[in-house]
Amino acid sequence: MVDHARRATRPGFLDKPTLRGERVLLRPVTVDDVPALLPMFRDAEASRLTGSHGDGEPDEARIRTWYETRGAQDDRLDLAVVELTTGNVVGEAVLNAWDPGNESCGFRICLVPGTYGHGLGTEATRLIVGHGFEQLGLHRVSLEVYAFNPRARRVYEKAGFVAEGVLRDALLWEGERVDAVVMSILAPEWFRHRGRPEAADHGPA
Ligand SMILES: CC(C)(COP(=O)(O)OP(=O)(O)OC[C@H]1O[C@@H](n2cnc3c(N)ncnc32)[C@H](O)[C@@H]1OP(=O)(O)O)[C@@H](O)C(=O)NCCC(=O)NCCS
């Protein structure tokens, strides 16, 4: 049943929060973050992993316009991922494709090359997805991950996403067709494990 009173007082996508973890802080991304984020757009491997087709050098002016306008979006949440030990912006985490009628949205994350494998992506995922369920009142958050990206898939599974289907040959990358796996997490699952399904599964009976 929909709790209308709670819904009325709840923050929406236009409210841009700062979310603090142990290793990362997530805060609204701005145009000032573009220099730190540019390596994400320039890295061939990051482009492959995110399936970003482009023709050569990324258009910096377009990228700046994109980040100048993130704060005013009322249907998505774009947060910069800041590493707490260094203060460096190391990527972005995004809730997008909000579907209010179905209380659902999408999720994407990308870190800057050189910062992978230190637990930052896992923590950022838990923080923003937790915000989606606990503050925005979402019921479902979903994503797509390519079959050639087991690291990202592992991160999503660690945070509680469940594989629910395969989009066959969804990506054509350098002559090869690659499947995309659809993953989602639902509110009752989130509130059972709060982004730590493995701990919940091994807890006391
Ligand atoms: C995907 C991404 C956000 C993950 O963030 P991260 O900080 O690198 O990931 P973490 O360090 O938190 O966790 C990585 C996990 O993957 C595991 N892993 C690494 N390589 C792996 C592989 N080839 N196969 C399976 N698991 C792998 C690690 O062991 C770790 O799991 P563990 O904690 O159980 O040991 C980041 O790597 C990234 O931005 N990559 C480039 C862009 C991208 O792929 N975006 C996602 C598109 S869907």
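Details
- Averaging Cα coordinates gives a centre for segment 131-146 and one for segment 11-65; these two points are 19 Å apart.
- Sequence ranges 156-166, 171-181, ranked by mean other-Cβ count within 10 angstrom, highest first: 156-166, 171-181
- Amide hydrogen neighbours beyond the local backbone of residue 146, cut-off 5 Å, H modeled: 181
- For the chain, radius of gyration divided by Kirkwood radius, i.e. Rg to Rh on alpha-carbons: 0.96
- Size descriptor, Kirkwood hydrodynamic radius, that averages inverse alpha-carbon separations across segment 89-205, Å: 14.9
- Ordering of 74-81, 92-99, 43-50 by packing is 74-81, 92-99, 43-50, highest average first (other Cβ atoms within 10 Å, averaged per residue).
- For segment 24-47, backbone nitrogen atoms closer than 17 Å to the point 7 Å from residue 118 Cα along Cα-to-C-beta are found at 24-27, 36-40.
- Normalised contact order of segment 1-102, rounded percent, pairs of Cα under 8 Å and 6 or more residues apart: 33
- A Förster radius of 45 Å combined with the Cβ-Cβ distance from residue 15 to residue 169 puts the calculated FRET efficiency at roughly 0.70.
- Taking a ≥ b ≥ c as the square roots of the eigenvalues of the Cα gyration tensor, segment 1-116 is prolate, since a/c reaches 1.5 or more and a/b is larger than b/c.
Since every read-out is calculated from the coordinates, none of them should be taken as a lab result. Since the model is a prediction, treat every value here as computed from it, not as a measurement. Methodologically, a virtual Cβ is constructed for each residue, glycine included, from the backbone with ideal geometry; neighbour enumeration extends over all protein chains shown.
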